[in-house]
Amino acid sequence: MNEKEWLDYVKKYLFEKKPVIKAGNEDCAVIKINKKYLLFTTDALVENIHFKLSYTSYFDLGAKLAVSNLSDIASMGGEPKWALLTLGSPQKIRKDWIDPFMEGLTQTLEKYGACLIGGDTVKSASFFINLALIGETYNPILRNGSKPGEFIFVSKHLGESSAFLRYIKKGIPLEKIPENLKKAHLRPEPEIILGKMLSENKLATSMIDISDGLLLDLWRICEENQIGAELIENKIPIGKYTTLEEALSGGEDYALLFTVKKENLEKIGKLSQYLNKPLFCIGTTIKEKKLYLIKDDQKIQILPRGYIHFTK
């Protein structure tokens with residue numbers, strides 16, 4: 001089974017009755033406790049799969065582990081709270097690398113209001129790290145909620161993290177890689193504030209974070225709502241030194257991808273001004289259950305390309 005097949009398979013084992021509002025097909029599991037909703041997420045990074053220490057410092061590694069989880073909380077409109085760390089290492093834990101790793105992890109969590117409260121440590125065949133994070137919100141934004149005729153937004157320039165890896169694979173030294181690409185891959189930032197404001201003001205009908213590629217993550221929203229989408233090529237915010245393909249299917253952008261009703265477009269514009277942050281409208285949702293790219297008035301059907309584990 002590849003990652004998608006596994007996720008489809010495991011659904012039958014997931015508990016999804018009250019107080020659990022959502023268990024599968026979301027960035028976080030959602031549990032209602034009184035008037036609040038608890039958000040549960042977890043993400044792992046494995047050496048030589050998600051990162052290589054030849055170009056990733058231990059501080060950056062800790063920060064990125066935090067961001068991969070914080071971004072899930074952001075995509076539900078939540079506020080991050082409590083984290084648990086699992087560390088697996090084939091070697092003894094030494095202060096020369098664990099100190100910067102823990103500093104990167106805890107400083108990033110604390111920057112967004114979360115705290116590390118425990119975890120587990122094991123000896124393992126390969127080096128891996130996993131974080132479980134709990135957040136909360138009064139209004140979780142699910143993937144399910146969009147209808148045809150809504151507008152599709154993204155919150156960042158896309159493809160820069162993927163472009164960084166292209167430079168690395170070409171053997172270009174780290175110091176010669178453009179700064180925006182290094183920042184996007186090694187020091188990404190989660191959209192916590194934007195996610196919370198979209199939630200508090202009830203502006204997004206559906207939302208997901210882009211971790212596996214724009215097309216693949218957009219298609220996950222489409223599948224949940226039994227709809228399709230049209231993207232306008234010249235509206236897609238392609239990052240500097242980045243290709244269109246990297247913007248469409250590159251992973252680890254950690255941007256928010258969300259849908260908005262027509263009557264809320266003016267409020268989205270005001271929110272963009274308030275945050276002093278561009279929010280990019282890149283297309284619309286449609287009734288037909290397909291993805292299209294519009295280029296020079298031509299409508300081309302495209303497949304939901306992106307990163308899926310166990311495809312090789």
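Only one of ILE73, ILE31 is at pLDDT 95 or above, on the phi < 0 side of the Ramachandran plot, among the β-branched types (Val, Ile, Thr) and touching a Phe, Trp or Tyr at 6+ places or on another chain (Cβ under 8 Å); which?
Numbers: ILE73 fails: touching a Phe, Trp or Tyr at 6+ places or on another chain (Cβ under 8 Å).
Unique residue meeting the criteria: ILE31.
Which condition number in (1) part of a strand (DSSP E or B); (2) under 24 Å from GLY62 (Cα atoms); (3) among the β-branched types (Val, Ile, Thr) is the one that ILE152 fails?
Evaluating ILE152 over (1) part of a strand (DSSP E or B); (2) under 24 Å from GLY62 (Cα atoms); (3) among the β-branched types (Val, Ile, Thr) leaves (2) as the failure.
Could you run through the stretch 212-255 and say how many residues are small (Gly, Ala, Ser) and closer than 16 Å to THR284 by Cβ? Spell out the reasoning first.
Applying the first criterion (small (Gly, Ala, Ser)) to the stretch 212-255 yields 213, 228-229, 239, 247, 249-251, 255.
Filter once more, keeping what is closer than 16 Å to THR284 by Cβ: 228-229.
Count: 2.
Report whether or not GLY135 is within 30 Å of LYS287 (Cα to Cα), small (Gly, Ala, Ser) and not in a loop (DSSP other than H, G, I, E, B). Show your work before the answer.
Working: within 30 Å of LYS287 (Cα to Cα): no; small (Gly, Ala, Ser): yes; not in a loop (DSSP other than H, G, I, E, B): yes.
In short, no.
Go through (1) more than 17 Å from the chain's Cα centre (by Cα); (2) crowded, with 23+ Cβ neighbours inside 10 Å; (3) among the polar types (S, T, N, Q) and name the single condition THR259 misses.
THR259 satisfies every listed condition except (1).
Can you tell me which condition LEU186 does not meet? The list is (1) out of contact with any strand residue (DSSP E or B) (no Cβ under 8 Å at 6 or more places or on another chain); (2) buried (at least 22 other Cβ atoms within 10 Å of the Cβ); (3) among the aliphatic types (A, V, I, L, M), and all the others hold.
Only one criterion is unmet by LEU186, namely (2).
Can you tell me which residue is surrounded by the fewest Cβ atoms within 10 Å (Cβ to Cβ) among those in the stretch 62-117 that are charged (D, E, K, R) and in a loop (DSSP other than H, G, I, E, B)? Before you say what the answer is, go through the steps one by one.
Narrowing the stretch 62-117 to residues charged (D, E, K, R): 64, 72, 79, 81, 92, 94-96, 99, 103, 110-111.
Then drop every residue that is not in a loop (DSSP other than H, G, I, E, B), which leaves 92, 94.
Details: LYS92: 7, ARG94: 9.
So, considering only residues that are charged (D, E, K, R) and in a loop (DSSP other than H, G, I, E, B), the one surrounded by the fewest Cβ atoms within 10 Å (Cβ to Cβ) is LYS92.
Any residue in the stretch 291-307 that is touching a strand residue (DSSP E or B) at 6+ places or on another chain (Cβ under 9 Å), outside any loop (DSSP other than H, G, I, E, B), aliphatic (A, V, I, L, M) and free of Cβ contacts under 8 Å to residues at least 12 places away in the same chain?
Yes, the stretch 291-307 has at least one match.
Going by what's in this entry, would GLY145 be described as surrounded by fewer than 18 Cβ atoms within 10 Å (Cβ to Cβ) and outside the structural domain of THR42 (by TED's automatic domain parsing)? Quick ask: steps written out before the conclusion?
Values: surrounded by fewer than 18 Cβ atoms within 10 Å (Cβ to Cβ): yes; outside the structural domain of THR42 (by TED's automatic domain parsing): yes.
Taking the combined requirement at face value, the residue satisfies it.
Hey, does the stretch 176-190 have a residue that's modelled with pLDDT of 95 or more, assigned to a helix (DSSP H, G or I) and within 21 Å of ALA114 (Cα to Cα)? Write out each step before concluding.
First, pick out the residues of the stretch 176-190 that are modelled with pLDDT of 95 or more: 176-190.
From what is left, the residues that are assigned to a helix (DSSP H, G or I) are 176, 179-186.
In the following step, the residues that additionally are within 21 Å of ALA114 (Cα to Cα) were identified as 186.
Yes - at least one qualifying residue is present in the stretch 176-190.
Among the candidates LYS240, LYS182, single out the residue that is without any contact (Cβ under 8 Å) to a residue 60 or more places away in the chain and more than 16 Å from SER75 (Cβ to Cβ).
Numbers: LYS240 fails: without any contact (Cβ under 8 Å) to a residue 60 or more places away in the chain.
The unique qualifying residue is LYS182.
The values are calculated or read from the model by the stated rules, or taken from the named source; none is laboratory data. What you see is a predicted model, and the numbers here were worked out from it, not measured in a lab. Cβ sites come from the backbone with ideal geometry, for glycine too, and all protein chains shown count toward neighbours.
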